[in-house]
Amino acid sequence: MDNMIALYIVLLSFLLLCVVTTYVVAMVDKGSDYREFKIALILNFILYAARFYFAPWKELDVVFYALKFIPLYFLCNFFLNNRLNQYRLEFVGLFIFSSIAGASLYLLGFKFEYYSLVIAFGSFSPGFYALIHFGRRLKHIVDFFYFSIFVIAALVTFTYPFAFIIRGSGTWGWSAGVIAYIAIMLGLLVKILEKKVDGDYKLQEELKLINAIYKAVIHDTSNDLNFLSLSLSRALKDENLAYVKLAYERLSELIKFKAEIRKQFNQEKLSYNVELSLILKSVVEHYQDDFKKKRVQLIVTYPHQNTVASLPISKESLVNSILGNLVSNALKFSESRSKVYLSMIYDESHVYFSVVDSGEGISEEIISSVTNFSKVRSSCGTSNELGSGMGLSILCYIIKRIDGDISFMKMKRGTKVIVKIPFLKQLTDILNNKDDSHDNNVISHA
(Lines give C-alpha, C1' and ligand atoms only; values in the text may rest on other atoms or scores of the structure.)
Protein backbone atom coordinates (compact mmCIF):
# COMPACT_ATOMS: atom_id res chain seq x y z
CA MET A 1 0.00 0.00 0.00
CA ASP A 2 2.90 2.32 0.78
CA ASN A 3 4.24 1.79 -2.75
CA MET A 4 0.84 2.59 -4.23
CA ILE A 5 0.54 5.80 -2.19
CA ALA A 6 4.01 6.81 -3.34
CA LEU A 7 3.01 6.22 -6.97
CA TYR A 8 -0.17 8.26 -6.48
CA ILE A 9 1.85 11.17 -5.12
CA VAL A 10 4.45 10.93 -7.90
CA LEU A 11 1.78 10.84 -10.60
CA LEU A 12 -0.21 13.75 -9.15
CA SER A 13 2.95 15.80 -8.65
CA PHE A 14 4.06 15.11 -12.20
CA LEU A 15 0.61 15.99 -13.59
CA LEU A 16 0.69 19.26 -11.68
CA LEU A 17 4.13 19.97 -13.12
CA CYS A 18 2.79 19.19 -16.62
CA VAL A 19 -0.08 21.67 -16.14
CA VAL A 20 2.28 24.44 -14.99
CA THR A 21 4.70 23.69 -17.86
CA THR A 22 1.90 23.86 -20.43
CA TYR A 23 0.71 27.23 -19.11
CA VAL A 24 4.27 28.57 -19.34
CA VAL A 25 4.61 27.24 -22.92
CA ALA A 26 1.25 28.81 -23.86
CA MET A 27 2.36 32.17 -22.45
CA VAL A 28 5.57 32.07 -24.51
CA ASP A 29 4.07 30.65 -27.72
CA LYS A 30 1.03 32.90 -28.11
CA GLY A 31 0.63 31.98 -31.76
CA SER A 32 -0.61 28.45 -30.97
CA ASP A 33 -3.76 27.24 -29.27
CA TYR A 34 -3.00 25.04 -26.25
CA ARG A 35 -6.49 25.31 -24.74
CA GLU A 36 -7.47 21.68 -25.32
CA PHE A 37 -4.12 20.39 -24.06
CA LYS A 38 -4.48 22.43 -20.85
CA ILE A 39 -8.06 21.22 -20.34
CA ALA A 40 -6.95 17.60 -20.77
CA LEU A 41 -4.16 17.89 -18.18
CA ILE A 42 -6.32 19.77 -15.64
CA LEU A 43 -9.19 17.26 -15.92
CA ASN A 44 -6.76 14.36 -15.61
CA PHE A 45 -5.27 15.90 -12.47
CA ILE A 46 -8.76 16.28 -10.93
CA LEU A 47 -9.79 12.73 -11.87
CA TYR A 48 -6.58 11.15 -10.56
CA ALA A 49 -6.92 13.12 -7.31
CA ALA A 50 -10.53 11.93 -6.97
CA ARG A 51 -9.49 8.33 -7.63
CA PHE A 52 -6.75 8.65 -5.02
CA TYR A 53 -9.31 9.83 -2.46
CA PHE A 54 -12.04 7.31 -3.35
CA ALA A 55 -9.67 4.37 -4.00
CA PRO A 56 -11.26 2.10 -1.32
CA TRP A 57 -14.63 2.32 -3.09
CA LYS A 58 -14.26 0.26 -6.23
CA GLU A 59 -17.53 1.40 -7.85
CA LEU A 60 -16.69 5.11 -7.48
CA ASP A 61 -13.19 4.45 -8.79
CA VAL A 62 -14.71 2.94 -11.95
CA VAL A 63 -16.90 6.04 -12.44
CA PHE A 64 -13.93 8.43 -12.24
CA TYR A 65 -11.92 6.08 -14.43
CA ALA A 66 -14.65 6.11 -17.11
CA LEU A 67 -14.71 9.92 -17.09
CA LYS A 68 -11.13 9.88 -18.43
CA PHE A 69 -12.92 9.80 -21.78
CA ILE A 70 -13.28 13.60 -21.56
CA PRO A 71 -9.58 14.56 -21.13
CA LEU A 72 -8.56 11.84 -23.60
CA TYR A 73 -10.89 13.35 -26.21
CA PHE A 74 -9.28 16.80 -25.78
CA LEU A 75 -5.79 15.29 -25.82
CA CYS A 76 -6.43 13.32 -29.03
CA ASN A 77 -8.06 16.31 -30.68
CA PHE A 78 -5.01 18.44 -29.86
CA PHE A 79 -2.55 15.99 -31.44
CA LEU A 80 -4.91 15.32 -34.38
CA ASN A 81 -5.31 19.04 -35.16
CA ASN A 82 -9.06 19.11 -34.38
CA ARG A 83 -9.95 16.15 -36.60
CA LEU A 84 -12.20 14.68 -33.89
CA ASN A 85 -14.61 17.62 -33.96
CA GLN A 86 -16.58 16.18 -36.87
CA TYR A 87 -17.08 12.89 -34.97
CA ARG A 88 -17.83 14.37 -31.55
CA LEU A 89 -21.41 13.07 -31.31
CA GLU A 90 -20.36 9.57 -32.41
CA PHE A 91 -17.67 9.37 -29.71
CA VAL A 92 -20.03 10.67 -27.02
CA GLY A 93 -22.67 8.17 -28.14
CA LEU A 94 -20.16 5.30 -27.98
CA PHE A 95 -19.02 6.40 -24.52
CA ILE A 96 -22.60 6.57 -23.20
CA PHE A 97 -23.42 3.18 -24.74
CA SER A 98 -20.38 1.47 -23.20
CA SER A 99 -21.10 3.09 -19.82
CA ILE A 100 -24.69 1.85 -19.87
CA ALA A 101 -23.51 -1.60 -20.98
CA GLY A 102 -20.90 -1.71 -18.19
CA ALA A 103 -23.44 -0.57 -15.58
CA SER A 104 -25.85 -3.24 -16.78
CA LEU A 105 -23.19 -5.94 -16.40
CA TYR A 106 -22.46 -4.66 -12.88
CA LEU A 107 -26.14 -4.81 -11.91
CA LEU A 108 -26.38 -8.32 -13.34
CA GLY A 109 -23.59 -9.42 -11.01
CA PHE A 110 -20.70 -9.79 -13.47
CA LYS A 111 -17.14 -9.62 -12.15
CA PHE A 112 -15.22 -6.35 -11.96
CA GLU A 113 -12.88 -7.16 -14.85
CA TYR A 114 -15.80 -7.74 -17.25
CA TYR A 115 -17.89 -4.63 -16.68
CA SER A 116 -14.81 -2.38 -16.25
CA LEU A 117 -13.32 -3.70 -19.51
CA VAL A 118 -16.51 -2.76 -21.41
CA ILE A 119 -16.34 0.72 -19.89
CA ALA A 120 -12.63 0.94 -20.81
CA PHE A 121 -13.42 0.38 -24.51
CA GLY A 122 -15.85 3.30 -24.57
CA SER A 123 -13.56 5.51 -22.48
CA PHE A 124 -10.64 4.92 -24.86
CA SER A 125 -12.65 5.35 -28.11
CA PRO A 126 -10.89 8.63 -29.11
CA GLY A 127 -7.58 6.84 -28.54
CA PHE A 128 -8.56 4.13 -31.04
CA TYR A 129 -9.12 6.81 -33.68
CA ALA A 130 -5.70 8.31 -32.90
CA LEU A 131 -4.03 4.89 -33.13
CA ILE A 132 -5.62 4.22 -36.53
CA HIS A 133 -4.77 7.71 -37.85
CA PHE A 134 -1.11 7.66 -36.80
CA GLY A 135 -0.78 3.92 -37.47
CA ARG A 136 -1.36 4.58 -41.17
CA ARG A 137 1.53 7.04 -41.20
CA LEU A 138 4.25 5.14 -39.36
CA LYS A 139 6.81 5.94 -42.07
CA HIS A 140 6.95 9.49 -40.70
CA ILE A 141 9.02 9.68 -37.52
CA VAL A 142 6.74 12.29 -35.90
CA ASP A 143 3.60 10.23 -36.52
CA PHE A 144 5.42 7.13 -35.21
CA PHE A 145 6.18 9.03 -32.00
CA TYR A 146 2.53 10.12 -31.63
CA PHE A 147 1.46 6.52 -32.29
CA SER A 148 3.75 5.35 -29.45
CA ILE A 149 2.13 7.83 -27.06
CA PHE A 150 -1.31 6.35 -27.62
CA VAL A 151 0.00 2.78 -27.44
CA ILE A 152 1.25 3.57 -23.93
CA ALA A 153 -2.09 5.23 -23.12
CA ALA A 154 -3.89 2.08 -24.31
CA LEU A 155 -1.71 -0.08 -22.04
CA VAL A 156 -2.55 2.18 -19.09
CA THR A 157 -6.27 2.01 -19.91
CA PHE A 158 -6.61 -1.74 -20.42
CA THR A 159 -4.48 -2.84 -17.45
CA TYR A 160 -6.99 -1.19 -15.10
CA PRO A 161 -9.70 -3.92 -15.33
CA PHE A 162 -7.16 -6.45 -14.05
CA ALA A 163 -5.74 -4.28 -11.27
CA PHE A 164 -7.64 -6.15 -8.56
CA ILE A 165 -7.13 -9.73 -9.77
CA ILE A 166 -3.47 -9.83 -10.96
CA ARG A 167 -0.85 -9.12 -8.33
CA GLY A 168 1.29 -6.13 -9.24
CA SER A 169 -0.89 -4.96 -12.13
CA GLY A 170 -2.13 -1.97 -10.12
CA THR A 171 1.43 -0.86 -9.50
CA TRP A 172 2.20 -1.31 -13.21
CA GLY A 173 -0.88 0.67 -14.16
CA TRP A 174 0.08 3.70 -12.09
CA SER A 175 3.72 3.44 -13.15
CA ALA A 176 2.60 3.31 -16.77
CA GLY A 177 0.50 6.41 -16.07
CA VAL A 178 3.65 8.33 -15.15
CA ILE A 179 5.38 7.01 -18.30
CA ALA A 180 2.36 7.99 -20.41
CA TYR A 181 2.45 11.59 -19.25
CA ILE A 182 6.20 11.81 -19.75
CA ALA A 183 5.53 10.66 -23.34
CA ILE A 184 2.68 13.16 -23.70
CA MET A 185 4.87 16.08 -22.62
CA LEU A 186 7.55 14.90 -25.03
CA GLY A 187 4.79 14.81 -27.66
CA LEU A 188 4.04 18.46 -26.87
CA LEU A 189 7.72 19.27 -27.39
CA VAL A 190 7.71 17.39 -30.71
CA LYS A 191 4.59 19.28 -31.82
CA ILE A 192 6.25 22.61 -30.99
CA LEU A 193 9.39 21.61 -32.92
CA GLU A 194 7.26 20.37 -35.83
CA LYS A 195 5.51 23.73 -35.97
CA LYS A 196 8.86 25.52 -35.94
CA VAL A 197 10.27 23.36 -38.76
CA ASP A 198 7.10 23.88 -40.82
CA GLY A 199 7.24 27.62 -40.15
CA ASP A 200 10.90 27.75 -41.20
CA TYR A 201 10.09 25.91 -44.42
CA LYS A 202 7.25 28.31 -45.25
CA LEU A 203 9.51 31.24 -44.46
CA GLN A 204 12.18 29.90 -46.82
CA GLU A 205 9.57 29.49 -49.58
CA GLU A 206 8.38 33.07 -49.11
CA LEU A 207 11.95 34.35 -49.07
CA LYS A 208 12.56 32.58 -52.39
CA LEU A 209 9.60 34.38 -53.90
CA ILE A 210 10.60 37.72 -52.39
CA ASN A 211 14.06 37.24 -53.85
CA ALA A 212 12.58 36.45 -57.28
CA ILE A 213 10.31 39.49 -57.13
CA TYR A 214 13.16 41.70 -55.96
CA LYS A 215 15.35 40.59 -58.86
CA ALA A 216 12.51 41.09 -61.32
CA VAL A 217 11.62 44.53 -60.02
CA ILE A 218 15.25 45.71 -60.00
CA HIS A 219 16.00 44.18 -63.41
CA ASP A 220 12.84 45.14 -65.23
CA THR A 221 12.47 48.57 -63.64
CA SER A 222 16.04 49.40 -64.64
CA ASN A 223 15.40 48.21 -68.20
CA ASP A 224 12.16 50.12 -68.43
CA LEU A 225 13.65 53.30 -66.98
CA ASN A 226 16.50 53.11 -69.49
CA PHE A 227 14.00 52.44 -72.24
CA LEU A 228 11.84 55.33 -71.02
CA SER A 229 14.84 57.64 -70.92
CA LEU A 230 15.80 56.69 -74.48
CA SER A 231 12.19 57.04 -75.62
CA LEU A 232 11.88 60.49 -74.07
CA SER A 233 14.99 61.65 -75.91
CA ARG A 234 13.57 60.20 -79.16
CA ALA A 235 10.19 61.77 -78.45
CA LEU A 236 11.75 65.17 -77.93
CA LYS A 237 13.77 64.75 -81.11
CA ASP A 238 11.17 63.09 -83.36
CA GLU A 239 7.94 64.15 -81.59
CA ASN A 240 6.90 60.48 -81.31
CA LEU A 241 5.49 59.24 -77.99
CA ALA A 242 4.96 55.62 -79.08
CA TYR A 243 8.02 54.33 -77.19
CA VAL A 244 7.02 56.21 -74.04
CA LYS A 245 3.59 54.59 -74.19
CA LEU A 246 5.10 51.10 -74.51
CA ALA A 247 7.41 51.69 -71.54
CA TYR A 248 4.52 53.05 -69.51
CA GLU A 249 2.44 49.95 -70.25
CA ARG A 250 5.27 47.68 -69.09
CA LEU A 251 5.70 49.65 -65.87
CA SER A 252 1.94 49.49 -65.28
CA GLU A 253 2.00 45.71 -65.61
CA LEU A 254 4.88 45.52 -63.14
CA ILE A 255 3.00 47.70 -60.65
CA LYS A 256 -0.08 45.51 -61.05
CA PHE A 257 1.93 42.36 -60.30
CA LYS A 258 3.41 44.00 -57.21
CA ALA A 259 -0.04 45.03 -55.98
CA GLU A 260 -1.42 41.52 -56.45
CA ILE A 261 1.41 39.84 -54.56
CA ARG A 262 1.22 42.44 -51.79
CA LYS A 263 -2.48 41.59 -51.44
CA GLN A 264 -1.63 37.92 -50.96
CA PHE A 265 1.08 38.73 -48.39
CA ASN A 266 -1.06 41.05 -46.30
CA GLN A 267 -4.50 39.45 -46.20
CA GLU A 268 -5.66 36.63 -43.99
CA LYS A 269 -7.47 33.69 -45.51
CA LEU A 270 -10.75 35.10 -46.77
CA SER A 271 -13.78 33.70 -48.52
CA TYR A 272 -15.16 35.14 -51.76
CA ASN A 273 -18.50 34.20 -53.30
CA VAL A 274 -17.85 34.05 -57.03
CA GLU A 275 -20.12 33.13 -59.94
CA LEU A 276 -17.89 30.67 -61.79
CA SER A 277 -19.09 31.42 -65.30
CA LEU A 278 -18.19 35.10 -64.86
CA ILE A 279 -14.53 34.21 -64.34
CA LEU A 280 -13.92 33.06 -67.91
CA LYS A 281 -16.15 35.80 -69.30
CA SER A 282 -13.94 38.35 -67.54
CA VAL A 283 -10.81 36.72 -68.97
CA VAL A 284 -12.29 36.97 -72.48
CA GLU A 285 -13.17 40.65 -71.96
CA HIS A 286 -9.66 41.43 -70.71
CA TYR A 287 -7.71 39.66 -73.45
CA GLN A 288 -9.89 39.48 -76.57
CA ASP A 289 -8.27 42.58 -78.09
CA ASP A 290 -4.80 41.04 -77.65
CA PHE A 291 -5.97 37.88 -79.40
CA LYS A 292 -7.47 39.89 -82.24
CA LYS A 293 -4.29 41.87 -82.64
CA LYS A 294 -2.17 38.74 -82.97
CA ARG A 295 -4.84 36.86 -85.00
CA VAL A 296 -4.95 33.92 -82.58
CA GLN A 297 -8.19 32.02 -81.95
CA LEU A 298 -9.33 31.72 -78.31
CA ILE A 299 -11.76 28.88 -77.63
CA VAL A 300 -13.46 29.04 -74.22
CA THR A 301 -15.47 26.19 -72.70
CA TYR A 302 -17.38 26.18 -69.42
CA PRO A 303 -20.62 24.70 -67.95
CA HIS A 304 -23.98 26.29 -68.69
CA GLN A 305 -24.97 26.41 -65.02
CA ASN A 306 -24.49 29.75 -63.30
CA THR A 307 -22.95 28.35 -60.13
CA VAL A 308 -21.83 30.45 -57.16
CA ALA A 309 -18.87 29.04 -55.22
CA SER A 310 -16.98 30.13 -52.12
CA LEU A 311 -13.33 30.52 -53.12
CA PRO A 312 -10.19 31.48 -51.15
CA ILE A 313 -9.30 34.06 -53.80
CA SER A 314 -11.18 36.99 -55.33
CA LYS A 315 -12.44 36.96 -58.91
CA GLU A 316 -10.14 39.89 -59.72
CA SER A 317 -7.02 38.10 -58.46
CA LEU A 318 -8.05 34.90 -60.19
CA VAL A 319 -8.59 36.70 -63.50
CA ASN A 320 -5.58 39.02 -63.36
CA SER A 321 -2.89 37.09 -61.50
CA ILE A 322 -3.65 33.45 -62.37
CA LEU A 323 -5.71 32.96 -65.51
CA GLY A 324 -4.51 36.26 -66.97
CA ASN A 325 -0.89 35.16 -66.65
CA LEU A 326 -1.61 31.75 -68.17
CA VAL A 327 -3.67 33.11 -71.08
CA SER A 328 -1.21 35.89 -71.87
CA ASN A 329 1.66 33.37 -71.78
CA ALA A 330 -0.26 31.05 -74.10
CA LEU A 331 -0.87 33.95 -76.48
CA LYS A 332 2.73 35.09 -76.21
CA PHE A 333 4.13 31.77 -77.44
CA SER A 334 1.41 31.05 -80.03
CA GLU A 335 1.90 31.69 -83.72
CA SER A 336 -0.56 33.76 -85.73
CA ARG A 337 -3.64 31.78 -86.88
CA SER A 338 -3.15 29.17 -84.14
CA LYS A 339 -5.55 28.30 -81.30
CA VAL A 340 -5.56 28.65 -77.52
CA TYR A 341 -8.04 26.63 -75.45
CA LEU A 342 -9.35 27.87 -72.09
CA SER A 343 -11.78 25.66 -70.18
CA MET A 344 -13.35 25.27 -66.75
CA ILE A 345 -15.01 22.34 -64.98
CA TYR A 346 -15.81 21.68 -61.32
CA ASP A 347 -16.83 18.93 -58.94
CA GLU A 348 -18.12 19.03 -55.36
CA SER A 349 -14.87 20.26 -53.83
CA HIS A 350 -12.75 22.00 -56.52
CA VAL A 351 -12.87 24.07 -59.68
CA TYR A 352 -10.41 23.24 -62.46
CA PHE A 353 -9.09 25.61 -65.12
CA SER A 354 -7.17 24.41 -68.16
CA VAL A 355 -5.13 26.45 -70.65
CA VAL A 356 -3.71 24.77 -73.76
CA ASP A 357 -1.58 26.39 -76.45
CA SER A 358 0.23 25.13 -79.55
CA GLY A 359 3.61 26.77 -79.01
CA GLU A 360 7.01 25.16 -78.51
CA GLY A 361 6.13 23.80 -75.06
CA ILE A 362 7.51 24.62 -71.65
CA SER A 363 10.81 23.04 -70.57
CA GLU A 364 11.39 21.10 -67.34
CA GLU A 365 13.99 23.68 -66.34
CA ILE A 366 11.47 26.51 -66.51
CA ILE A 367 8.86 24.45 -64.64
CA SER A 368 11.36 23.80 -61.86
CA SER A 369 12.43 27.45 -61.64
CA VAL A 370 8.91 28.90 -61.46
CA THR A 371 7.55 26.32 -58.98
CA ASN A 372 10.58 26.68 -56.68
CA PHE A 373 10.89 30.47 -57.14
CA SER A 374 14.59 29.89 -57.79
CA LYS A 375 15.17 32.45 -60.54
CA VAL A 376 13.45 34.91 -62.84
CA ARG A 377 12.86 33.46 -66.31
CA SER A 378 11.87 35.74 -69.17
CA SER A 379 11.63 34.76 -72.84
CA CYS A 380 10.56 36.58 -75.96
CA GLY A 381 7.30 35.54 -77.57
CA THR A 382 6.68 34.61 -81.19
CA SER A 383 6.21 38.30 -81.99
CA ASN A 384 9.10 39.39 -79.74
CA GLU A 385 6.74 40.16 -76.83
CA LEU A 386 8.53 40.93 -73.58
CA GLY A 387 7.58 40.15 -69.98
CA SER A 388 8.76 40.60 -66.41
CA GLY A 389 9.71 36.92 -66.14
CA MET A 390 7.98 36.56 -62.79
CA GLY A 391 4.33 36.03 -63.76
CA LEU A 392 4.42 32.23 -63.49
CA SER A 393 6.32 32.34 -60.19
CA ILE A 394 3.75 34.72 -58.72
CA LEU A 395 0.78 32.62 -59.78
CA CYS A 396 2.47 29.44 -58.48
CA TYR A 397 3.02 31.16 -55.16
CA ILE A 398 -0.59 32.42 -54.95
CA ILE A 399 -2.00 28.98 -55.80
CA LYS A 400 0.19 27.35 -53.17
CA ARG A 401 -0.83 29.95 -50.60
CA ILE A 402 -4.56 29.20 -51.05
CA ASP A 403 -3.98 25.39 -50.88
CA GLY A 404 -4.56 24.94 -54.60
CA ASP A 405 -2.49 23.03 -57.14
CA ILE A 406 -0.96 23.71 -60.57
CA SER A 407 0.52 21.27 -63.06
CA PHE A 408 2.44 21.94 -66.29
CA MET A 409 2.48 19.38 -69.11
CA LYS A 410 4.59 19.65 -72.24
CA MET A 411 2.79 18.02 -75.16
CA LYS A 412 4.00 17.09 -78.64
CA ARG A 413 3.11 20.60 -79.67
CA GLY A 414 2.32 23.15 -77.02
CA THR A 415 1.78 23.28 -73.26
CA LYS A 416 -1.16 22.32 -71.09
CA VAL A 417 -1.57 23.94 -67.67
CA ILE A 418 -4.20 22.80 -65.15
CA VAL A 419 -5.05 24.90 -62.09
CA LYS A 420 -7.00 23.38 -59.20
CA ILE A 421 -8.71 25.75 -56.72
CA PRO A 422 -10.51 24.41 -53.61
CA PHE A 423 -14.03 25.38 -52.62
CA LEU A 424 -14.41 26.66 -49.04
CA LYS A 425 -18.13 25.88 -48.83
CA GLN A 426 -20.66 23.74 -50.65
CA LEU A 427 -21.76 24.91 -54.07
CA THR A 428 -25.02 26.80 -54.59
CA ASP A 429 -26.73 26.53 -57.97
CA ILE A 430 -28.46 29.78 -58.82
CA LEU A 431 -30.22 28.45 -61.87
CA ASN A 432 -31.31 24.86 -61.25
CA ASN A 433 -33.47 24.71 -64.34
CA LYS A 434 -30.50 24.59 -66.74
CA ASP A 435 -28.81 21.42 -67.86
CA ASP A 436 -25.14 20.49 -67.47
CA SER A 437 -24.16 20.98 -71.11
CA HIS A 438 -21.23 23.21 -71.97
CA ASP A 439 -21.12 26.58 -73.64
CA ASN A 440 -18.39 27.09 -76.22
CA ASN A 441 -17.39 30.67 -76.99
CA VAL A 442 -15.03 30.99 -79.94
CA ILE A 443 -13.25 34.21 -80.76
CA SER A 444 -12.22 33.71 -84.38
CA HIS A 445 -9.92 35.83 -86.48
CA ALA A 446 -9.15 35.40 -90.13
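Of note:
- Backbone HN-Hα couplings from phi across the stretch 187-199 [Karplus 6.51/-1.76/1.60, Hz, Gly and Pro as x]: x, 4, 4, 4, 5, 5, 5, 4, 5, 5, 4, 5, x
- Extension gain, Leu17 to Lys58, is 12.0 nm, computed as 0.36 nm per intervening residue step minus the present C-alpha separation.
- Modelled this way, with points 7 Å down the Cα-to-C-beta line, the labels at Gln288 and Ser363 are 3.7 nm from one another.
- By accessible area with a 1.4 Å probe, ligands and nucleic acids excluded, highest first: order of Ile9, Ile366: Ile9, Ile366
- Fully extended contour minus Cα-Cα distance, from Arg337 to Glu194, at 0.36 nm per residue: 46.1 nm
- Förster radius 56 Å - calculated FRET efficiency between Lys410 and Phe158 (Cβ-Cβ, nearest 0.05): 0.50
- Taking all protein chains as they are arranged and a probe of 1.4 Å, the heavy atoms of Ile179 leave approximately 80 Å² accessible to solvent.
- Where Met185, Met411 fall by accessible area, highest first, once all protein chains stay in place (1.4 Å): Met411, Met185
- Gyration tensor verdict on the stretch 1-160 (Cα atoms; rounded if a/c is under 1.5, prolate if a/b is larger than b/c, oblate otherwise): oblate
- Accessible-area value, Ser358, 1.4 Å probe, nucleic acids and ligands omitted, Å²: 30
- Given charges at beta-carbon only (K, R positive; D, E negative), |dipole| of the stretch 1-110 in Debye: 180
- The stretch 319-370: C-alpha gyration tensor shape, a/c 1.5 cut-off, then a/b vs b/c: oblate
- Exposure rank, largest accessible area first [Lys293, Lys416; 1.4 Å]: Lys293, Lys416
- Label-point separation, Ile141 to Leu107 (7 Å along Cα→Cβ), nm: 5.4
- Between Ala26 and Ala49, residue separation times 0.36 nm minus the direct Cα-Cα distance comes to 5.9 nm.
- Lys400 versus Ile182: modelled label distance in nm, points set 7 Å from Cα along the beta carbon direction: 4.1
- Heavy atoms of Asp357 accessible to a 1.4 Å probe, total area in Å² rounded to 10: 20
The values are calculated or read from the model by the stated rules, or taken from the named source; none is laboratory data. Predicted, not measured: the structure shown is a model, and the values here were computed from it. Using ideal geometry, Cβ is built from the backbone for each residue, glycine included, and neighbour counts are taken over all protein chains shown. For accessibility, only protein heavy atoms count, side chains too; no ligands or nucleic acids. Shrake-Rupley method; radii C 1.70, N 1.55, O 1.52, S 1.80 Å.
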